Amino acid sequence: MTKTVRDESTASAYWGAVNTFAALKDVHVVADAPVGCYNLVGAAVIDYTDAVPYLENFTPTSLTEKEIASSGSSEKVINLLENLGNNNKEIILVSSAESEMIGSDHENMLRQRFPDVRFFASNSLGDNEWQGRDRALGWLYNTFDDNSTPGVKTGTVSIVGPTYGCFNSPSDLFEIKRLINGCGVEIQHVYPWESKLSDISGLKHSDVIVVMYKEFGRTLAEMTGRPVLEAPFGLKETARFIDELGEMTGNAAKADAFLQQEKQSTLKPLWDLWRGPQSEWFPTIRFGVAADRTYAEGLATFLGEEMGMQCLFSQDSAETDNNILREKLAETKPQFMFGRIVDKIYLSEIDAQTRFIPAGFPGPIVRRALGTPFMGHSGAVYLIQEIVNALYDTLFTFLPITKKTGQEAPPPPGTITWTKEANAVLEAIVSKAPFISQISFGREMKKKAEALAARQGKDTVTPDLLQMLK
């Protein structure tokens, strides 16, 4: 039975592998793919979603219908590799869905004719982009590790995970580096984003490996045989991360001092916001999340469990049925939705008065500045600041303003009465509005209902008039 997938938000493993390999400074990626796949991965989609520069270390074999239908892609690969020549980079040939469909496995051919070129079968037809990234990182270690005996450098950390196409990577990586350095720990490698291929052998010489994302990177981290920590979200996770990192690297005293300093500096704005007049709003806030697993779980934990907001749902977008999600949005109408562009479209389709906050790809969103973290202590402050600003913006939309002249004047006070049933319907409608705006919203609804009654020549508001306004 064929299953229709609506608005798929994760790409194939081919994309994940390319976005991983191309991040390495001394690698050139050859994609056994049609030119369209090159355009999508190499330029359009990456530029569209995260403003990553054009990938200069990426070349397609440019398969055509001829190769896909009959001759296969070996001749294309051979010609390209011969013309590519020596560019002083390690060449990795990656399969695409199209080359996999025609069974193009180039392992034996490369061994005979281009022994220095490696072939990575991306399994594009079976795996999603996170599985592709995870397999690619593990394959790099199995293929290029120098098999040297681990000689651990005390007080060091390597970070595994940041690759092209990961939402908000610059800001989150900056925050994780800040936390690590604050504990007095040296960062050896950020793999693969700030690394060379050869740096993969150095990972096992680190005291600790920090994995940035729950979706991928754990396989490589565990291959190194070193202790592993996950990048933290919110207050409790970040405090635990600092404590554990200090213990693991012999910097417990520095880590403890740094944590105390964080409470007096980085986190101070959070408590200022928490104690302010808007603090009464927080328990009334209803939010939903559809994002990659790291963000989905992190936002639910921080905003829901730690800040006391109402998490209506939190879904890993790689496993989300978007048809069901759209129905859930229509049913629950969260005040805040952290999600992807598809979720913003759904909110528009159902005319939901929900504040959308980008929290994942697909785009269109650029997150290259360092001041928008979601992770760590800085991320906690940033998220609460954004929510409070949005709450005040919501209040603004309900402020009474002077209307343009020429509009119909409202009926004089007291000339329109309300039935008991109409008052009950109004109360039910208002109760579904955001808590902080219910008074203003109710007043506005009452004015509109009385104006509608006056236009219809009635002196009483009845439930049917309210249903027309609703």
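Here GLU186 does not qualify as of a type in the set (D, E, K, R) and within 24 Å of GLY132 (Cα to Cα).
For segment 140-160, check the following and say yes or no: at least one residue is modelled with pLDDT of 95 or more and under 21 Å from the mean Cα position of the chain (by Cα). Yes, that holds for at least one residue.
Taking segment 227-244 only, how many residues are among the small types (Gly, Ala, Ser) and part of a helix (DSSP H, G or I)? Can you show your working first?
At the first step, the residues of segment 227-244 found to be among the small types (Gly, Ala, Ser) are 231, 234, 239.
Still in the list and also part of a helix (DSSP H, G or I): 234, 239.
Of the residues in segment 227-244, 2 are among the small types (Gly, Ala, Ser) and part of a helix (DSSP H, G or I).
Only a single item in (1) at negative phi; (2) surrounded by 12 or more Cβ atoms within 10 Å (Cβ to Cβ); (3) polar (S, T, N, Q) is not met by ASN123, and it is number (1).
Restricting attention to segment 15-30, the residues that are more than 26 Å from the chain's Cα centre (by Cα) and closer than 10 Å to LEU93 by Cα add up to 2. Scanning segment 120-152 for residues that are in a helix (DSSP H, G or I) and free of Cβ contacts under 8 Å to residues at least 40 places away in the same chain gives TRP139, THR143. Has segment 153-161 got any residue that is assigned by TED's automatic domain parsing to the domain that holds GLY250 and outside any strand (DSSP E or B)? Looking for residues that are assigned by TED's automatic domain parsing to the domain that holds GLY250 and outside any strand (DSSP E or B), one finds at least one in segment 153-161, hence yes.
Just one of the numbered conditions (1) over 29 Å from the mean Cα position of the chain (by Cα); (2) assigned to a helix (DSSP H, G or I); (3) over 17 Å from ALA13 (Cα atoms) is not true of ARG178: (1). The helices (runs of 4 or more DSSP H) located wholly in segment 245-361 that include 2 or more residues which are at pLDDT below 95 occupy 268-275, 322-332, 341-349.
Can you go through LEU235, LEU299, LEU245 and tell me which one is within 23 Å of ASP393 (Cα to Cα), crowded, with 18+ Cβ neighbours inside 10 Å and touching a residue at least 24 places away in the same chain (Cβ under 8 Å)?
After ruling out the rest, the residue left standing is LEU299.
Condition check: within 20 Å of ARG367 (Cα to Cα), assigned by TED's automatic domain parsing to the domain that holds GLU262 and at pLDDT 95 or above. Does ILE200 satisfy that?
Working: within 20 Å of ARG367 (Cα to Cα): no; assigned by TED's automatic domain parsing to the domain that holds GLU262: yes; at pLDDT 95 or above: yes.
So ILE200 does not fit the description; no.
The values are calculated or read from the model by the stated rules, or taken from the named source; none is laboratory data. The structure displayed is predicted, hence computed values, not measured ones. Here Cβ is always computed from backbone atoms with ideal geometry, including for glycine, and neighbour counts include all displayed protein chains.
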